[in-house]
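Report on one structure; see the data block that follows.
The values are calculated or read from the model by the stated rules, or taken from the named source; none is laboratory data. Keep in mind that this is a model prediction, so the values were computed, not measured. Positions of Cβ are generated from backbone atoms using ideal geometry, with glycine treated the same way; all protein chains shown enter the neighbour counts.
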Amino acid sequence: MKYDHIPGPPRDSFLFGHSTTVLEETRSDRNLHDKFLQWAEMYGPVVRINTLHVVAILVTCPEATKEILMSSKYPKSKIVFKQLHGLFGERFLGNGLVTATDHEQWYKQRRIMDPAFSSLYLRGLMGTFNDRAENLMDELTKLADSKKEAKMLPVGQPCDLRCHHQVGLWNGLGSPQKP
């Protein structure tokens with residue numbers, strides 16, 4: 001009832017909400033995110049999704065996403081964001097700005113990182129980013145030419161580490177090692 005003013009598709013069931021649709025999409029070969037996109041196109045950039053007693057809000061508007069992630073008015077679900085730390089048994093987002101559920105902790109991390117993401121600072125590093133992107137493209141071209149299955153994490157992660165190291169986020173910690 002609290003979120004019923006937010007538009008969304010009709011519930012499949014009063015009790016189960018949209019669970020049936022979500023299960024059908026995940027059991028078939030269709031992509032669940034395509035269904036979410038379809039709902040966003042039909043109902044707008046903010047869509048309500050009900051499953052049992054839980055309401056999830058799907059947001060596709062960049063401005064609204066920024067507001068939600070940066071404001072303490074919209075607390076993050078500890079259950080959901082704890083699962084984002086690891087995905088499929090691998091480290092995914094870790095404990096950082098995206099997954100911090102305590103606003104005070106997030107705010108401290110954000111204040112530390114702000115200078116590294118100023119537009120003036122980043123514009124000065126475009127040459128570095130372009131060089132790293134060219135190196136990554138060379139690696140990907142070699143992998144594509146070999147026509148073998150490739151794991152993307154070992155290819156992309158060193159590029160990411162080198163880029164972070166070069167821009168100074170890890171200044172003073174020495175050269176990044178391949179994981």
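Points worth noting:
- Extreme residue, nearest to Arg11 (Cα to Cα), among residues of region 37-52 that are more than 20 Å from the chain's Cα centre (by Cα) and surrounded by 15 or more Cβ atoms within 10 Å (Cβ to Cβ): Asn50
- Residue that is under 28 Å from Lys66 (Cα atoms) and more than 23 Å from the chain's Cα centre (by Cα), where the choices are Asp4, Asp34, Asp12: Asp4
- The set of residues in region 37-67 being of a type in the set (Lys, Arg) and in contact with a Cys (Cβ under 8 Å, 6 or more places away or on another chain) is empty.
- Restricting region 2-18 to residues that are aromatic (Phe, Trp, Tyr) and surrounded by 12 or more Cβ atoms within 10 Å (Cβ to Cβ), the residue that is nearest to Val47 (Cα to Cα) is Tyr3.
- Residue in region 68-91 that is exposed (fewer than 13 other Cβ atoms within 10 Å of the Cβ), modelled with pLDDT of 80 or more and over 30 Å from Phe117 (Cβ atoms) present: no
Conditions tested, residue by residue: (1) in the same structural domain as Cys163 (by TED's automatic domain parsing); (2) at pLDDT 80 or above; (3) in a helix (DSSP H, G or I).
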residue: Pro9; (1), (2), (3): no, yes, no
residue: Leu15; (1), (2), (3): no, yes, no
residue: Glu24; (1), (2), (3): no, yes, yes
residue: Val47; (1), (2), (3): no, yes, no
residue: Lys66; (1), (2), (3): no, yes, yes
residue: Thr101; (1), (2), (3): no, no, no
residue: Tyr107; (1), (2), (3): no, yes, yes
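- Condition check for Val55: closer than 23 Å to Ile79 by Cα, surrounded by 14 or more Cβ atoms within 10 Å (Cβ to Cβ) and touching a helix residue (DSSP H, G or I) at 6+ places or on another chain (Cβ under 7 Å): no
- Scanning region 26-36 for residues that are surrounded by 13 or more Cβ atoms within 10 Å (Cβ to Cβ) and either free of Cβ contacts under 8 Å to residues at least 12 places away in the same chain or not assigned by TED's automatic domain parsing to the domain that holds Glu63 (or both) gives a single hit, Leu32.
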